[in-house]
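J.: This is the structure I have questions about; it appears just below.
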Amino acid sequence: MKQYHFDFLCKKQGKEIRKTVIAKGNCVGMALDDAAKQAVSWFGTSDIYLESYFISNIF
């Protein structure tokens, strides 16, 4: 199983807010979908951008 760290960016009222979401899974697409849902919930808007991500192996 892999662990993915996704860094999301949201621009609200002229400010840039960043949030890192960690998701686990075997497929980056499913992990990104889960992380994006968490980020939308946290930011309170779907107007977000994926800024960067990295993958770690978990044993």
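J.: Answer with yes or no whether Tyr53 is surrounded by 13 or more Cβ atoms within 10 Å (Cβ to Cβ), of a type outside the set (Asp, Glu) and touching a residue at least 40 places away in the same chain (Cβ under 8 Å).
T.: yes
J.: I need every pair where a residue in segment 12-35 that is of a type in the set (Gly, Ala, Ser) has its Cβ under 6 Å from the Cβ of a residue that is surrounded by 11 or more Cβ atoms within 10 Å (Cβ to Cβ) and assigned to a helix (DSSP H, G or I), sequence separation at least 6 or different chains.
T.: Ala23/Ala31; Ala23/Asp34; Ala23/Ala35; Gly25/Ala31
J.: Mind listing just one residue for me: the one in segment 1-40 that is acidic (Asp, Glu) and farther than 13 Å from Phe54 by Cα and, of those, farthest from the chain's Cα centre (by Cα)?
T.: Glu16
J.: So which of Gly25, Gly14 is surrounded by 11 or more Cβ atoms within 10 Å (Cβ to Cβ), at positive phi and modelled with pLDDT under 95? Show your work before the answer.
T.: Working: Gly14 fails: surrounded by 11 or more Cβ atoms within 10 Å (Cβ to Cβ).
The match here is Gly25.
J.: Another question, if that's okay. Within segment 35-50, restricting attention to residues that are part of a helix (DSSP H, G or I) and either at positive phi or out of contact with any Ser or Thr (no Cβ under 7 Å at 6 or more places or on another chain) (or both), which residue is surrounded by the most Cβ atoms within 10 Å (Cβ to Cβ)? Walk me through it before giving the result.
T.: Residues of segment 35-50 that are part of a helix (DSSP H, G or I), as a first pass: 35-43.
Adding the requirement that they be either at positive phi or out of contact with any Ser or Thr (no Cβ under 7 Å at 6 or more places or on another chain) (or both) leaves 35-39, 41-43.
Values: Ala35: 24, Ala36: 17, Lys37: 13, Gln38: 16, Ala39: 22, Ser41: 11, Trp42: 14, Phe43: 16.
Restricting to residues being part of a helix (DSSP H, G or I) and either at positive phi or out of contact with any Ser or Thr (no Cβ under 7 Å at 6 or more places or on another chain) (or both), the top hit is Ala35.
J.: Something else now. For segment 5-20, give me the residue count where each residue is over 15 Å from Ser46 (Cα atoms) and part of a strand (DSSP E or B).
T.: Selection size over segment 5-20: 4.
The values are calculated or read from the model by the stated rules, or taken from the named source; none is laboratory data. Bear in mind the structure is a predicted one, so any value in this text is a computation, not a measurement. With ideal geometry, Cβ positions are generated from the backbone for all residues, glycine too; neighbour counts draw on all protein chains shown.
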